[in-house]
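None of the figures in this text is laboratory data; all of them are computed from the coordinates on show. Remember, predicted model here, so these are calculated numbers, not experimental data.
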Amino acid sequence: MNFLKREEYDFEQKDEDGETPLLSQLSVNGGQSLEMARLLLEFGANVHATTPAGQNALQCAMSRSNWEEYREILEQKLCLLIEAGADVNHCDEFGDTPSDDAREHYQCWDEWCRALESNGLNLHEVIQADEERRESFWEAEVTAEVIEGDTRKISPEEVLPLISCPIP
């Protein structure tokens, strides 16, 4: 790792999946990935990087939390990322926050709550900020390709009839 730092390795270079080395390491099982993530952050990896789907480092760390052996170090990874400044209220391209993912997608709510508490964050304040961020996310103007490449700015109210899934 020191060799890579000396050689000015680009720690933001994306792999074939569009993920930086940090994001890839966070979804790997085992304690070794925790140490690698710690080193990547120490050498300046961007804790604010996102996947092509807009997931941040916290959401990537949660992505394999359904594996029992992974759950043992998940809380440590989440604490590390929060300490490094990862956005606990980040919205991915679907409007999901890390709290949503912990509760609904990856069933790691307990680890998430302990990591927030360990970093001096109040769960209720995080959830309130999530709601505010999500509201802003859905209120933002949406760019949509409406008719054969005709792109224009449209409001969320105009988008609703164009999509088939309900918006939270």
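In order along segment 73-79, the phi-based Karplus estimate (6.51 cos²θ - 1.76 cosθ + 1.60, θ = phi - 60°) of 3J(HN,Hα) comes to 10, 4, 4, 5, 5, 4, 4 Hz; Gly and Pro are listed as x.
In the calculated pair-distance distribution of segment 73-130, the portion above 16 angstrom amounts to 36 percent of the Cα-Cα pairs. Per-residue Karplus couplings for segment 50-64, computed as 6.51 cos²θ - 1.76 cosθ + 1.60 with θ equal to phi - 60°, are listed in order as 10, 6, x, 8, x, 6, 8, 4, 4, 5, 5, 4, 6, 4, 10 Hz, Gly and Pro entered as x. Each residue of segment 99-115 is assigned a 3J(HN,Hα), and the resulting list reads 4, 4, 5, 5, 7, 9, 9, 10, 6, 10, 4, 4, 4, 4, 4, 5, 5 Hz, derived from the Karplus form 6.51 cos²θ - 1.76 cosθ + 1.60 (θ = phi - 60°), x at Gly and Pro.
Show log10 I(q)/I(0) for segment 2-141 at q = 0.13, 0.20 Å⁻¹, two decimals, from a solvent-free Debye sum over equal Cα scatterers. Summing over Cα pairs of segment 2-141 leads to -0.53, -1.20.
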